[in-house]
Amino acid sequence: MSTPEGKIRLNKYLALAGLGGRNATTMMIKSGAVEVNGEKVLLPYHEVSPKDRVTYNGKPVTTIKKEAYVVINKSSKSPVFETEGSKRPSLQFLAKRWCNDTLRPLGNPDDVTSGLVIMTSDEKLVEKIAKAGHQIKMVFEVTLSQPLTQEDLLRLLNQTVRPGVRIMGISHINKEDKVKVGMEMLGGSYGDVFKLFDSVGYNLLKVDCTFLGGITKKDLKRGWGRLLTEKEIVFIKHFS
């Protein structure tokens, strides 16, 4: 178990570095083959921090970094990044409840969007999702400044936002006033929603992501989040 200062037991440190399980690394330590900052350590429960220099048989040992993946149900008033003078906590700040690293969002959401956002330390995944053409499905509830006509709805279905982005479906949520629209998209990002409706002359009052790569807002209140499960991480990576 890690301490508040970020220290962990030496046998766990060696295990995280891929040198073996807890029992195997405990035997390594007791054999006298492990040194911390140039001094031999024989206690498996000796605590080390990221600043300590650990060696095994004279060779440096570094832990394998485990990437963090957090999904947050974003409020439209919460900024994505930390900025001075903001009255609402940013997604980066909220994500620190689960990870001390500075996390970045997938899909480049802006401050006015709301709903599901995945924050991660996985830089490679962030770069892959930034490019059009991935196979991650996103569903949005969009509120327009004016009713969407049937003619424009059909135009939207045939619009090309950018190569690699596919609009899978658009329909009215409220058939009475027709200002609320549901939209399914594959291979795109939050910004593509704005570009799509702007291309036919509509302003967006609200863009809320309700489904993201198999993840829904179930049991997630506004401003709340959680770590992704291993299954969800595998799914996101597979379709990115």
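Using the empirical formula 2.2 N^0.38 Å as the baseline, the Cα radius of gyration of region 165-205 reaches a ratio of 1.17.
Placing unit charges on the Cβ atoms only, positive for Lys and Arg and negative for Asp and Glu, gives region 182-226 a dipole magnitude near 320 debye about its Cα centre.
For region 47-105, the average shadow cast by the Cα convex hull is 5.9 nm², which is a quarter of the hull's surface.
Tell me, what does the Kirkwood hydrodynamic radius of region 76-214 come to in angstroms if you use every pair of distinct C-alpha atoms?
Kirkwood radius, region 76-214: 15.8 Å.
Using Cβ point charges alone (K and R +1, D and E -1), the dipole size of the chain about the Cα centre works out to roughly 620 debye.
Using the Cβ-Cβ distance between residue 145 and residue 226 with R0 = 41 Å, the FRET efficiency computed as 1/(1 + (r/R0)^6) comes to roughly 0.75.
Maximal additional length on extending the residue 33-residue 76 stretch stands at 10.0 nm, based on 0.36 nm per residue less the C-alpha distance.
Per residue, the convex hull spanned by the Cα atoms of region 1-137 amounts to 146 cubic angstrom. In this simple spin-label model, placing a label point 7 Å from the Cα along the Cα-to-Cβ direction at both residue 132 and residue 7 gives a separation of 5.4 nm. Positive end of the dipole of region 1-152 (Cβ unit charges, origin at the Cα centre): among 143, 114, 49, the Cα lying farthest that way belongs to 49.
A Förster distance of 22 Å, applied to the separation of the beta-carbon atoms of residue 57 and residue 100, puts the FRET efficiency at 0.10. May I ask you to list the aspartates and glutamates whose Cα is less than 12 Å away from that of residue 217, ignoring any residue fewer than eight positions away on the same chain? Here the aspartates and glutamates satisfying the reach criterion relative to residue 217 are 208. Given the alternatives (i) 177; (ii) 146; (iii) 125, volume of the Cα convex hull per residue in Å³ as computed for this entry is given by (ii). Only aspartates and glutamates eight or more places from residue 87 in sequence, or on another chain, were considered; those with a Cα closer than 19 Å are 110, 111. Pairwise inverse Cα distances across region 156-240, averaged and inverted, put the Kirkwood hydrodynamic radius at 14.8 Å. Helical content of the chain, expressed as a calculated mean residue ellipticity at 222 nm, amounts to -6000 deg cm²/dmol (DSSP H runs of 4 or more residues, -39,500 (n - 2.57) each, divided by residue number, nearest 500).
Quick note: the coordinates plus some simple rules give every number you see, no bench work behind them. In this text, all values refer to a predicted model and were calculated from it rather than measured experimentally. Every residue, glycine as well, gets a Cβ built from its backbone with ideal geometry; the counts of neighbours run over all protein chains shown.
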